[in-house]
Each structure stands twice: as C-alpha cells, then as structure tokens.
Amino acid sequence: MDTTAPQPHQPTQPTQPTEEGPAAAEGSATTDRTRFWSGLCAGLFVPAALLAGLLTLTGERAGRCMTYGQQCGDALPDWLFGWSIALAVVACVVALAATAVRTRQGAFAAQLLAEFVALTVILSHT
C-alpha cells in the first residue's frame, strides 16, 4: 500500500490570497477613507470661509476700510481666491470619483492645499 498518495477523504488546504492582485486592491479600497475626508473637508470649507470672513470684518483695518475708506489694500490678489476655489472643486470631484487609491489621495492633498490658500486669501484682508 502506497502511503505517499493523498487519501480521497482528506480535505485540501485552501490557498491564501496573496498581497498582490485584485484582492489586495479591494482590501485597501475598503480601508481607504479618502472619499469620506474629501467630502467632509469640502462641506466644512463653507463654514470655515464664513468664519474667516467674519474674523476679517472684526479687524480694525477692515472696519476703517469699510467705514472711512482708509487703510484699504495690500491683501493677496482676488484672482488667487478664484483659482484656489476652482482647483479645490476639481480636486474634490477627482477625489470622489477616481478609482485608484493613489489618485484619490493626491487629489485630496491638492484639495486641502487649495482650501488652505483660499482661507489665507480671506484672512489676508485683515
């Protein structure tokens, strides 16, 4: 009797998925929260911009500029605000729609940078 041949009633061991291939991509996609954070940062940008605008208006320089027309100017250019908002919107759409994790992460980083620049432009008017 040959003992080296596998017996038909013995269960075979299932193969473990490797870290390469679609199984790894699917596993990393479930743990990637970039879409969530991108949407959250986009939603919180509007209240942050309103708060920054209110903070700007409470400054002495902005009050003098609005009331007397004195000490106005020397702020960052307004076109920078427009371009940073446009970049933030495009980056948010890419971060929400892209299928590749690295693309979503890069778009999210660009979105955060653009939102930071927009808030800095608002605060530069103080």
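The values are calculated or read from the model by the stated rules, or taken from the named source; none is laboratory data. All values reported here derive from a predicted model rather than from experimental measurement. For accessibility, only protein heavy atoms count, side chains too; no ligands or nucleic acids. Shrake-Rupley method; radii C 1.70, N 1.55, O 1.52, S 1.80 Å.
Using a 1.4 angstrom probe on heavy atoms only, work out the carbon and sulfur share of the accessible area of segment 57-117 in %. Numbers along the way, then the final one.
Values: 2790 of 4130 Å².
The computed percentage sits at 68.
For Trp37, Trp83, give me the order by solvent-accessible area with a 1.4 Å probe, most accessible first, ignoring ligands, DNA and RNA. Could you put the intermediate results ahead of the total?
Details: Trp37 120, Trp83 175 Å².
Descending order: Trp83, Trp37.
Each Cα pair under 8 Å and six or more residues apart adds its sequence gap; the mean of these over the residue count of segment 60-126 is a relative contact order of 41 percent.
Go through segment 103-110 residue by residue and turn each phi into a ³J(HN,Hα) via Karplus (6.51, -1.76, 1.60, θ = phi - 60°); whole Hz please, and just put x for glycine and proline. Values, residue by residue: 5, 4, 5, x, 5, 5, 5, 5 Hz.
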